Amino acid sequence: MCGIVGYSGEKKALGILLSGLQSLEYRGYDSAGISLKKGKKIETIKTKGKVTDLITLIAESNIDTSATIGIGHTRWATHGAPSSTNAHPHYTERVSVVHNGIIENYRNLEKFLKEKNINRRTDTDTEIIALLLDLYLSEGFDFKNAFFKTVEMLKGSFAIAAISKDFDYMMLAKHESPLVIGLSNNETYIASDVSALIEYTHDFIFLEDGDIALIDKGNVTIWDKDKKETKRQPTQIDWSKEKAQKGGYKHFMLKEIAEEDEAVRNTIQSRIDEDGNVFLDEEISISKEFLKNLDRITIVACGTSFYAGLTAKPIIEKYTGIKVDVEIGSEFRYYNYLYSKNNLFIAISQSGETADTKEPLKMAKSKGIKTLSIVNVKESAIARLSDSCIYTLAGPEISVASTKAFTSQLAVLYMLAFYIAQLKGKDLKPQAKQLLKIPSLIKQTFDKTQDKTKELADKYYNYQDFLYLGRGICYPLALEGALKLKEISYIHAEGYPAGEMKHGPIALIDENTPTVVVAHPEEPLYSKSLSNCEEIKSRHGKIILVSNKQSDIVDDFIEVPKVDYDFAPFVYIIPLQLFAYYVALFRGNDIDQPRNLAKSVTVE
Ligand code: G6P
């Protein structure tokens, strides 16, 4: 799981590579490097650390910055610890290579190379690619054919960009890791995703699995998995450069929380008319007859996307009458799931590249199950693999901790529930119309809770353990609230169903373990949540209540706008995200790139 970037054209490549790498740091940031080719010379600089460390190193070097061909990489270690040696590009005398993914058969390939007295200098699987390329070049193959021969030997997942000292073109290969080509006059850009290139072009070719490509300034040649030369239609992506940047906020995370109203609005606007009719016909190619007769929906996802599924489960069940299972991808893929007769499989993923979600999707497809995905990144693997895809139109989510993707995924799940119910002859126009009002309610919530969450974060940021409790529709929000706090503040936080507290977590309560209680005023759940608050109080625990209704039992209160129970998640999640953000801010953490985490987990 890494970010790769490349350029072939007439401009100086270095600046393009470095700014591309900075946009891609959310994919990995434990080391970074670049290779520049000028004439018959390739120069490489790489280091452990972030792209800023690389920039410092380059500034201190005397690398020839006039080169117009280059590749770059930002790494999230899989094989081999983060170090300068293991950082990409990996190079030999003749070639330099960047790679995202895992070469699963690297041990066998290493044996093959060792027999020829060729040895690795690093701990990475990637170096094998460079060594194989070098071998075939030394045997007299030209770069293109050496590349074809090398890629043929690789098993696993990979997006590869390679350059050679003796040839002026760049070679690319893609299999189960993303790789896009940005088109422009007399120049070509490549990257792991469009956010790295949006400032240069809006026209992209999304390579498909098995593709190999040759780029030479403005010329792009692509071969498909059968090695047949092929044309891939460019897609226009109209994300602005500003959209992919921080837009005045200190961190992407805060910017993305502030964008949640817009993200949800974009997601629902073109799909619900003012009368409350839901239009998903164009996006869902699965037959209406099949959807009408569904007897089960199986949702599979990871992390925040999993919690979006869990949050929407009671809504889908309530409005469609269809049983919903929500499963964690990494478990599901090794579990013999019993599908029912008319089962729909739904994969939810912001990135569309999460391996633990992608694999169950493939498994479902191989069993002939109809599949639908809810994805944010256009043309990503999960979007393309599924029978139908409904995109969340949240724009790029850069911060590793997911926020606007969550509410946008919820919006799609709600619309889907209304759509299926509509197909079954139910009138859910009032609910769909209510969903149309949610974006302005999200905005109100952000404005109303921002200062309060900041004030409370200041009060609580030194605590080491937190408990998050909720009942009914607020329970999955407690899980997501705790996840947000863990991810960016590194504080231990547990989300729990409030009623279950007495069966275990109550043992943790003392004056050093504050509890965040998420409670919609709907009775009887509110009164029951308050009883739980009493239990906490009598054990000297501090309580922060997130609700529309105040209580004098609690220590602190974050008041959210009034919202109907079914739509509460869109509102109640906002202060939980803000609280986590400000706690991490007061603790001085790297909010957008928390330690040990990556935005898009494309390995198991
Ligand atoms: C990683 C990210 C999480 C994200 C999860 C699922 O763990 O750090 O923020 O929720 O992957 O990602 P996806 O792209 O599939 O929604």
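Worth pointing out:
- Restricting segment 365-412 to residues that are more than 11 Å from the ligand (Cβ to nearest atom) and in a strand (DSSP E or B), the residue that is surrounded by the fewest Cβ atoms within 10 Å (Cβ to Cβ) is 388.
- Restricting segment 175-193 to residues that are open to solvent by 10 Å² or more (accessible area, probe 1.4 Å) and touching a strand residue (DSSP E or B) at 6+ places or on another chain (Cβ under 8 Å), the residue that is nearest to residue 68 (Cα to Cα) is 187.
- When residue 152 is tested against (1) touching a residue at least 12 places away in the same chain (Cβ under 8 Å); (2) surrounded by fewer than 24 Cβ atoms within 10 Å (Cβ to Cβ); (3) acidic (Asp, Glu), exactly one condition is not met: (1).
- For residue 120, the conditions (1) free of Cβ contacts under 8 Å to residues at least 40 places away in the same chain; (2) open to solvent by 80 Å² or more (accessible area, probe 1.4 Å); (3) more than 16 Å from residue 31 (Cβ to Cβ) all hold with the exception of (2).
- Scanning segment 33-51 for residues that are open to solvent by 50 Å² or more (accessible area, probe 1.4 Å) and in contact with a helix residue (DSSP H, G or I) (Cβ under 8 Å, 6 or more places away or on another chain) gives a single hit, 50.
- Residue satisfying all of: in segment 577-604; more than 23 Å from residue 512 (Cβ to Cβ) and basic (Lys, Arg); modelled with the highest pLDDT among these: 595
- Residue count for segment 495-526, restricted to those that are outside any loop (DSSP other than H, G, I, E, B), surrounded by fewer than 21 Cβ atoms within 10 Å (Cβ to Cβ) and not aliphatic (A, V, I, L, M): 7.
- Restricting the search to helices (runs of 4 or more DSSP H) fully inside segment 9-121 and requiring at least 2 residues that are of a type in the set (S, T, N, Q) gives 13-24, 51-60.
- Look at segment 527-552: where a residue is free of Cβ contacts under 8 Å to residues at least 40 places away in the same chain and a partner is among the small types (Gly, Ala, Ser) and open to solvent by less than 30 Å² (accessible area, probe 1.4 Å), sitting 6+ places away or on another chain with Cβ atoms under 7 Å, you get 530/551; 533/551; 545/519; 545/551; 547/519.
- Filter result (touching a Gly at 6+ places or on another chain (Cβ under 8 Å), of a type in the set (A, V, I, L, M) and under 19 Å from residue 189 (Cα atoms)) within segment 20-45: 21, 24, 32, 34, 36
- Selection from segment 307-359 of residues that are more than 25 Å from residue 425 (Cα to Cα) and of a type in the set (A, V, I, L, M): 308, 310, 326, 328, 338, 347, 348, 355
- Positions within segment 273-304 being more than 23 Å from residue 340 (Cβ to Cβ) and either open to solvent by 10 Å² or more (accessible area, probe 1.4 Å) or within 16 Å of the ligand (Cβ to nearest atom) (or both), in sequence order: 273, 274, 275, 277, 279, 281, 282, 283, 302, 303, 304
- Residue selected from segment 314-357 under the condition closer than 23 Å to residue 100 by Cα and without any contact (Cβ under 8 Å) to a residue 40 or more places away in the chain, by the criterion surrounded by the most Cβ atoms within 10 Å (Cβ to Cβ): 352
- Only one of 59, 81 that is farther than 25 Å from residue 599 by Cα, hydrophobic (A, V, I, L, M, F, W, C) and surrounded by fewer than 18 Cβ atoms within 10 Å (Cβ to Cβ): 59
- Criterion violated by residue 482 - all others in (1) out of contact with any Asp or Glu (no Cβ under 7 Å at 6 or more places or on another chain); (2) within 16 Å of the ligand (Cβ to nearest atom) satisfied: (1)
- Among the residues listed as 536, 574, 558, 544, the single one being part of a helix (DSSP H, G or I), more than 16 Å from the ligand (Cβ to nearest atom), within 33 Å of the chain's Cα centre (by Cα) and modelled with pLDDT of 90 or more: 574
The values are calculated or read from the model by the stated rules, or taken from the named source; none is laboratory data. All figures in this text were calculated on a predicted structure; none of them were measured in a lab. Cβ atoms come from the backbone with ideal geometry, glycine included; neighbour counts cover every protein chain shown. Only protein heavy atoms, including side chains, enter the accessible area calculation; ligands, DNA and RNA are left aside. Shrake-Rupley method; radii C 1.70, N 1.55, O 1.52, S 1.80 Å.
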